[in-house]
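Since the structure comes first, as structure tokens, the remarks are kept for the end.
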Amino acid sequence: CTKKNIDTNNLKGGFIYDPIGNVALSGNWLKDQNNDLSAISEVLLAASNFNAFSILTINAATYCNGGANVDTQIAFALAHANEYLDLFKDDLILLEKIIQKTEFIFGVGTSYFIEIAKLRAFRSLWSTIISEYTSIKDIETRIHAINANLYYSNKDMYNNLLRATTSAMSAVLGGCHSLSILPFNHNTSDNNEFGQRISKNIQLLLQEESNLNQVKDSSKGSYYVEKLISIIKRKSWDMFLSIEKTGGFITALKNGDIQSQINKELEKKVNDLKEDKRTMIGVNKFINQNDDCPRVGELKYRSENPTIEPIPQMRLSAIYE
């Protein structure tokens with residue numbers, strides 16, 4: 001930027017740095033815990049002239065794709081981010097810069113109203129936490145949303161277009177700042193060029209035909225959504241407090257508490273599908289038996305020689321393929 005005389009104040013983006021998130025996903029630190037966490041101040045210094053850049057990007061999508069419930073996702077995201085704030089609590093100037101330059105990535109599922117409430121509930125609870133660290137008002141909570149791969153299927157995979165659309169609408173109405181939509185054929189070995197084109201078209205339809213970008217907060221004041229927010233906030237906050245009482249998020253990861261909770265909730269989702277207590281079109285309801293699709297199976301992320309048990313990334317629908 002210096003060589004090309006680019007005004008960095010006008011650039012928007014961020015550094016996707018999240019060492020704790022890397023541990024949750026892969027089981028390993030990038031280098032080691034002390035080096036990874038101390039490097040945050042170095043990244044902040046490097047980005048001092050990038051006013052519109054985020055420094056920390058908390059990857060909470062890991063918990064959604066692992067199978068966690070909505071309240072659990074929020075609690076883990078809060079505890080995850082709070083570890084960083086607690087690290088710099090004695091340096092108020094640095095702490096405030098980090099708070100202002102933190103962004104969150106959330107996976108968004110297919111439960112339309114619940115997912116809207118999830119993002120709104122998280123934003124409220126995160127504001128509560130940062131108010132304990134700083135007196136700065138009106139700090140914007142930046143959220144990037146991506147539809148959850150957890151609910152994507154290869155069998156009758158065109159149903160993924162419907163899942164992607166409802167997830168995207170939930171994310172926008174929930175107040176995300178930016179949005180990614182996975183191609184409907186994301187889990188196949190095929191060329192995704194067509195799938196990527198369709199994903200872009202979904203965003204264009206929501207923007208140009210549904211005009212979702214013309215209304216600032218269309219779900220505000222909805223009694224049903226507000227009721228959901230209240231319930232989710234209470235459950236999420238209680239779980240967050242229990243994590244903090246036992247030593248914080250990193251300690252819970254090392255002890256396996258985070259992984260155990262997610263695995264328990266994922267198992268229930270899988271059993272509910274098998275017993276038809278939960279319905280997924282094209283998976284356990286209205287299955288297209290003539291659909292000849294490649295089998296991928298469970299998508300689990302595993303690094304070599306993990307020091308901590310990683311959170312698996314998988315698909316509910318894999319049990320039927």
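Simple point charges give the picture: +1 on the Cβ of Lys and Arg, -1 on the Cβ of Asp and Glu, and for the chain a dipole about the Cα centre of about 500 debye. Build a GNM of the chain with springs between Cα atoms under 10 Å: which of I198, I99, I311 gets the top mean-square fluctuation? Top of the fluctuation ranking is I198.
Work through the residues other than A145 whose Cβ is under 15 Å from its Cβ and net out their charges, Lys, Arg +1 and Asp, Glu -1. Numbers along the way, then the final one.
Values: positive: K118, R120, R123, R142, R163; negative: E103, E115.
Computed value for this residue: +3.
Shown for the stretch 83-218: the carbon plus sulfur share of the solvent-accessible area, taken with all protein chains present and a 1.4 angstrom probe, equals 50%.
A Gaussian network model of the chain, with springs between Cα atoms under 10 Å, assigns the largest mean-square fluctuation among D138, D217, D257 to D138. Residues whose amide H comes within less than 5 Å of that of N147, counting only those at least five positions distant or on another chain, are V108, S180, L182 (H built at 1.01 Å from N in the peptide plane).
Using 1/(1 + (r/R0)^6) with R0 = 25 angstrom and r between the beta carbons of S260 and N34, what's the FRET efficiency to the nearest 0.05? E(calc), rounded to 0.05, equals 0.45. Cα centroid separation, the stretch 59-95 to the stretch 157-211: 26 Å. Computed over the stretch 1-99, the percent of Cα pairs more than 15 Å apart is 66. Within the listed set I105, I129, I143, the Gaussian network model of the chain (springs between alpha-carbon atoms below 10 Å) gives the highest mean-square fluctuation for I129.
Amide H contacts under 5 Å for E103: I55, L56, T57, I58, restricted to partners 5 or more places along the chain or on a different chain, H placed in the peptide plane at 1.01 Å from N. Modelled label positions at N305 and E193, each set 7 Å beyond Cα in the direction of Cβ, lie 4.1 nm from each other. Here the extension length gained between S178 and K89 equals 29.1 nm, from 0.36 nm per residue of separation less the Cα-Cα distance. Within straight-line reach of K269, meaning a Cα separation under 18 Å, sit the following aspartates and glutamates at least 8 residues removed in sequence or on another chain: D71, E115, E298, E321.
The GluC sites (Glu not before Pro) found in the stretch 94-132 that occupy coil by DSSP, while having at most 13 further C-beta atoms within 10 Å, are E132. Please identify which residues in the stretch 38-81 have an amide N closer than 20 Å to a label point set 7 Å out from the Cα of K4, following the Cα→Cβ vector. Only 46-54 pass the distance filter. Candidates L44, N69, I114 compared by Cα position along the dipole of the chain: farthest toward the positive end lies I114, with charges placed on Cβ.
Give me the Debye-computed log₁₀ of I(q)/I(0) at q = 0.16 Å⁻¹ for the chain, equal point scatterers on Cα only, no solvent, two decimals. Listed by q, the Debye log ratios stand at -1.51. Taking the alpha carbon gyration tensor of the stretch 54-142, multiplying each eigenvalue by 5 and rooting it gives semi-axes of 24, 13, 10 Å, largest first. Under 14 Å of direct C-alpha separation, and excluding same-chain neighbours fewer than eight residues apart, K200 reaches these aspartates and glutamates: E208, E209.
Obtain the radius of gyration and the Kirkwood radius of the stretch 40-98 from its C-alpha atoms and give Rg over Rh.
On the way: Rg = 13.7 Å, Rh = 12.9 Å.
Rounded to two decimals, Rg over Rh is 1.06.
Placing unit charges on each Cβ (+1 for Lys and Arg, -1 for Asp and Glu) gives the chain a dipole about its Cα centre, and among N28, S222, I98 the Cα reaching farthest toward its positive end belongs to S222.
In the full protein context, the stretch 56-178 carries 33 Å² of accessible surface per residue, based on a 1.4 Å probe and ignoring ligands, DNA and RNA.
Among the lysines of the stretch 1-135, pairs at least eight places apart or on separate chains and with Cα atoms under 29 Å apart come to 19.
Under the criterion of Cα pairs below 8 Å and six or more residues apart, the relative contact order for the chain equals 24 percent.
From most to least packed by mean Cβ count within 10 Å, the peptides 156-169, 231-244, 62-75 give 62-75, 156-169, 231-244.
Evaluate 2.2 N^0.38 Å with N set to the residue count of the stretch 5-58, then give the Cα radius of gyration divided by it.
Rounded to two decimals, the normalised Rg is 1.28.
The values are calculated or read from the model by the stated rules, or taken from the named source; none is laboratory data. Because the structure is predicted, anything quoted here is derived from the model rather than measured. Positions of Cβ are generated from backbone atoms using ideal geometry, with glycine treated the same way; all protein chains shown enter the neighbour counts. Note: areas computed on protein heavy atoms with side chains; ligands, DNA, RNA excluded. Shrake-Rupley method; radii C 1.70, N 1.55, O 1.52, S 1.80 Å.
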